[in-house]
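Engineer: Sending over a structure as structure tokens; questions will come in a sec.
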Amino acid sequence: MKLPNKTYNKDRFPYLDDNNVGKVIPILYGKCAALELIPVNENDNPESASTDAVYGLPEGMSNIGTAYVQVDNVWKAALNPVVDYTAGTLTIENGRDDGGSTRNVKLVDCYGYMFSGHCYPRDVLEHLFTVQLGVSLTASNFDLVEWAAELDAVQCELGILLNDAAEFWEVVYKISTGCVKSFRVEYNAAGKITARVKDFDRASSATISSADIYDSDVLRVSTDRSGVYSSVVCKYYKNHIANTFLSVENTTYLDEVKQTYRKDAVYELETY
């Protein structure tokens with residue numbers, strides 16, 4: 001699923017200019033230093049300077065901060081801004097020039113979704129899962145203990161504007177890169193959603209046994225390439241006499257692979 005997935009259309013904004021039809025409605029979390037808005041009533045008396053200009057707000061907007069209009073390439077304070085958070089619009093008295101053309105408008109120090117006065121990565125992800133994806137935050141869907149422990153370890157104030165439709169896992173990556181430590185969101189062995197902080201001091205997993213390399217044709221969690229953001233390809237060479245596989249990473253490669261393993265029997269395992 002791609003986010004954001006709501007777009008500007010004429011059913012909601014009948015005076016919307018054709019050039020803006022189909023553009024995504026951004027989603028804003030936390031504090032944003034500055035962002036420009038899309039006008040939604042350009043075709044309402046388009047030659048009238050007296051018609052107030054109306055602009056669309058990002059989803060989640062909770063405080064517009066300070067609004068400015070661009071007048072002759074100079075940003076000036078907006079006159080009598082009127083906000084309708086329910087409709088998602090901002091009306092500005094001086095949003096049109098003398099010929100009726102709509103001026104550029106930007107908001108400075110504005111706020112989107114906030115959670116008890118803060119916007120932490122865990123807040124954003126839980127909101128995305130429950131509100132945008134419809135996945136409830138329950139023990140049947142999440143490893144709640146590990147989820148909370150890992151994400152609370154990267155707790156920081158986050159400000160993020162989602163204004164370009166991207167796959168959900170790309171959005172997760174964007175959130176991760178804005179934190180003090182990067183993390184990943186994944187399914188654990190029990191098939192529950194969890195988070196894992198990137199920690200180079202964390203103990204590595206045990207060596208993969210041969211039984212895990214073959215005779216393993218059932219995945220614990222259903223997945224495909226569209227739902228992942230990285231992959232690892234490992235090559236194993238087969239010893240036909242001993243019926244075993246050996247990874248090229250094995251330190252005995254020079255002694256054994258060149259002597260007893262055939263290169264025409266390479267087994268590639270791509271893992272997610």
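Engineer: Given ALA87, ALA165, which one is closer than 24 Å to LEU3 by Cα and touching a residue at least 60 places away in the same chain (Cβ under 8 Å)?
Structural biologist: On the way: ALA87 fails: touching a residue at least 60 places away in the same chain (Cβ under 8 Å).
Only one candidate passes the filter, namely ALA165.
Engineer: Being assigned to a helix (DSSP H, G or I), open to solvent by 50 Å² or more (accessible area, probe 1.4 Å) and among the hydrophobic types (A, V, I, L, M, F, W, C) is the filter here; which residues of region 112-136 pass it?
Structural biologist: Matches in region 112-136: VAL131 only.
Engineer: Filter region 49-66 for residues that are open to solvent by 30 Å² or more (accessible area, probe 1.4 Å), small (Gly, Ala, Ser) and in contact with a Gly (Cβ under 7 Å, 6 or more places away or on another chain) and give the result.
Structural biologist: Passing the criteria: ALA49, SER62.
Engineer: For region 61-108, which strands (runs of 3 or more DSSP E) that fit wholly inside it have 2 or more residues that are farther than 20 Å from PRO46 by Cα? Write out each step before concluding.
Structural biologist: Working: elements: 66-71, 74-77, 82-84, 89-92.
Because the criterion is at least 2 residues that are farther than 20 Å from PRO46 by Cα, the strands (runs of 3 or more DSSP E) in region 61-108 that meet it are 66-71, 74-77, 82-84.
The rows are residues; the columns are (1) in contact (Cβ under 8 Å) with a residue 60 or more places away in the chain; (2) part of a strand (DSSP E or B); (3) aromatic (Phe, Trp, Tyr).
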{"position": "ASN5", "(1), (2), (3)": "yes, no, no"}
{"position": "PHE13", "(1), (2), (3)": "no, no, yes"}
{"position": "ASN19", "(1), (2), (3)": "no, no, no"}
{"position": "LEU28", "(1), (2), (3)": "yes, yes, no"}
{"position": "ALA33", "(1), (2), (3)": "yes, yes, no"}
{"position": "GLU47", "(1), (2), (3)": "no, no, no"}
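Engineer: While we're here: At pLDDT below 95 and either crowded, with 19+ Cβ neighbours inside 10 Å or of a type outside the set (Phe, Trp, Tyr) (or both): which single residue out of ASP72, ASP109, ASP84 fits that description? Step through it out loud before you land on a result.
Structural biologist: On the way: ASP109 fails: at pLDDT below 95; ASP84 fails: at pLDDT below 95.
Of ASP72, ASP109, ASP84, the one residue that is at pLDDT below 95 and either crowded, with 19+ Cβ neighbours inside 10 Å or of a type outside the set (Phe, Trp, Tyr) (or both) is ASP72.
Engineer: Same structure, new question: Quick one: count up the residues across region 137-159 that are in contact with a helix residue (DSSP H, G or I) (Cβ under 6 Å, 6 or more places away or on another chain) and open to solvent by 40 Å² or more (accessible area, probe 1.4 Å).
Structural biologist: Qualifying residue count, region 137-159: 1.
Engineer: Another question about this same structure. Please name all residue pairs, on different chains or six or more residues apart, with Cβ atoms under 6 Å, provided the first residue is in region 174-199 and is part of a helix (DSSP H, G or I) and the second residue is open to solvent by less than 80 Å² (accessible area, probe 1.4 Å) and not acidic (Asp, Glu).
Structural biologist: If the second residue must be open to solvent by less than 80 Å² (accessible area, probe 1.4 Å) and not acidic (Asp, Glu), the pairs left are ILE175/PRO121; ILE175/VAL124; SER176/SER182; SER176/PHE183.
Engineer: Within region 151-173, count every residue that is closer than 13 Å to ASP123 by Cα and outside any loop (DSSP other than H, G, I, E, B).
Structural biologist: Going through region 151-173 one residue at a time, the tally reaches 4.
The values are calculated or read from the model by the stated rules, or taken from the named source; none is laboratory data. None of these values were measured; they are calculated from a predicted model. Note that each Cβ is placed from the backbone with ideal geometry, even for glycine, and that neighbours are counted across all protein chains shown. Ligands, DNA and RNA are stripped out before the accessible areas are found, and what is left, the full protein with its side chains, is counted by its heavy atoms. Shrake-Rupley method; radii C 1.70, N 1.55, O 1.52, S 1.80 Å.
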